[in-house]
Amino acid sequence: MSDLHSRDDWPAGRVLVQAATYNERDNIAPLIEAVLAASPDLQLLVIDDDSPDGTGRFALDLADREPRLHVLIRRGRRGLGSAILEGFRIAKRRGFEVSVNMDADFSHDPADIPRLLAAVHPAGGHPVDVVIGSRRVPGGRTVGWPLSRHVASCLVGWFTRWVLGVPVLDPSGGFRAIRLDVLGRIDDRPFAEGYAFQEDFLWRVHRAGGRIFEIPITFTDRKRGSSKADFAETCRSIGELMQIARRTWWG
C-alpha cells in the first residue's frame, strides 16, 4: 500500500514541529490549532501510522485548508522511533534547521515550544544540539501519573545515567528540540524502534560529543485516549535498552 500525504508545496521555514500519532482522533484538531497558534513561524508535520480511528485522514482534511500543516499517513509500517526518524529526514530534505518532537495527547504544552527553541540558541552561548523539556530538573513536574509510572521513569533515568553514561535527568522525555545538523554526526546504525528510541537517540548524540540541555516543563498525563505503552511495548523497550548497554560497555 502506498503512503498518503498532504500537498507538496510547503512554505519555506526554519522550525518543523512533528507529532507521531496513532488513534488520536479526539486530540488532533485542538493540537494542530494550539501548535500553529504558538508562533506564526512554526509548521507542523503529523506522522500517522494509519490509525484505525481515522486520525490521519481527518488531519489530511484539515491540511487542505492550512498551508502550515503537513500530514504523512504511513501504511505498512509502524513505530514511534521510525516515525520520528522519518520526520527528521523529511525536515532536513525540506530545508528546516530544527525539529521539535512532541506527543499528540497534550501531555506536552504547545505553549512551551518557544522556550525550547530559545534554549537551542541561548543568548551569548553556544548552540545546543538537543533541548529536552524535562520533568526532572528543578521546576519540572508531572501531573496525573500513578506511582508505578513515576517509579518506572526514575528507573529508566537511573539506567540511562549510570549504565549508558548519558548525563540527563529525563532521558525518556519526548518533548524535544533538535538541531538537525547533529544527524550527520551520530552513529547511523539501526535505532531502537519503540519507546527506547528516546534514550537511544540521546546516547548517540552524547557519544558524538553533542550538547544536550534540559529545561523544566509540566507534563500532564493524557485526559483523552489511551496510552500506547502496553506490556509488550514495555518488554521490547527493556530489551532495546539492554542492547544499548551492551554496545556501551563492549562495543
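The values are calculated or read from the model by the stated rules, or taken from the named source; none is laboratory data. Computed from a predicted model, the values in this text were never measured in an experiment. Here the Cβ is made from the backbone with ideal geometry for all residues, glycine too, and neighbour counts use every protein chain on show. Just the protein is used for accessible areas: all its heavy atoms, side chains included, with ligands, DNA and RNA removed. Shrake-Rupley method; radii C 1.70, N 1.55, O 1.52, S 1.80 Å.
Structure above, values below:
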quantity: Residue tally, condition over 19 Å from Thr248 (Cα atoms) and either in a strand (DSSP E or B) or β-branched (Val, Ile, Thr) (or both), over the stretch 178-199; calculated: 3
quantity: Candidate set from the stretch 200-228 (those that are of a type in the set (Lys, Arg) and not in a loop (DSSP other than H, G, I, E, B)); member that is farthest from Asp103 (Cα to Cα); calculated: Arg207
quantity: Test: residue in the stretch 207-229 that is under 17 Å from the mean Cα position of the chain (by Cα) and small (Gly, Ala, Ser); calculated: yes
quantity: In the stretch 192-219, the residues that are open to solvent by 40 Å² or more (accessible area, probe 1.4 Å) and at pLDDT below 95; calculated: Glu193, Tyr195
quantity: Any hit, the stretch 161-171, residues being open to solvent by 10 Å² or more (accessible area, probe 1.4 Å), over 17 Å from the mean Cα position of the chain (by Cα) and at pLDDT below 95; calculated: no
quantity: Filtered residues of the stretch 1-59 (kept if small (Gly, Ala, Ser) and touching a residue at least 60 places away in the same chain (Cβ under 8 Å)); calculated: Ser2, Ser6, Ala12, Gly13, Ala19, Ala20, Ala34, Ala37, Ala38, Ser39
quantity: Flag for Trp158 being part of a helix (DSSP H, G or I) and aromatic (Phe, Trp, Tyr); calculated: yes
quantity: Entirely in the stretch 22-126, the helices (runs of 4 or more DSSP H) that have 3 or more residues that are surrounded by 20 or more Cβ atoms within 10 Å (Cβ to Cβ), within 18 Å of the chain's Cα centre (by Cα) and of a type outside the set (A, V, I, L, M, F, W, C); calculated: 80-93
quantity: Qualifying positions in the stretch 127-143 - assigned to a strand (DSSP E or B) and open to solvent by 50 Å² or more (accessible area, probe 1.4 Å); calculated: Arg141, Val143
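Table: residues versus (1) over 27 Å from Glu233 (Cβ atoms); (2) among the aliphatic types (A, V, I, L, M).
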{"residue": "Phe88", "(1), (2)": "no, no"}
{"residue": "Val100", "(1), (2)": "no, yes"}
{"residue": "Ala111", "(1), (2)": "yes, yes"}
{"residue": "Ala119", "(1), (2)": "yes, yes"}
{"residue": "Gly124", "(1), (2)": "yes, no"}
{"residue": "Pro127", "(1), (2)": "yes, no"}
{"residue": "Val143", "(1), (2)": "no, yes"}
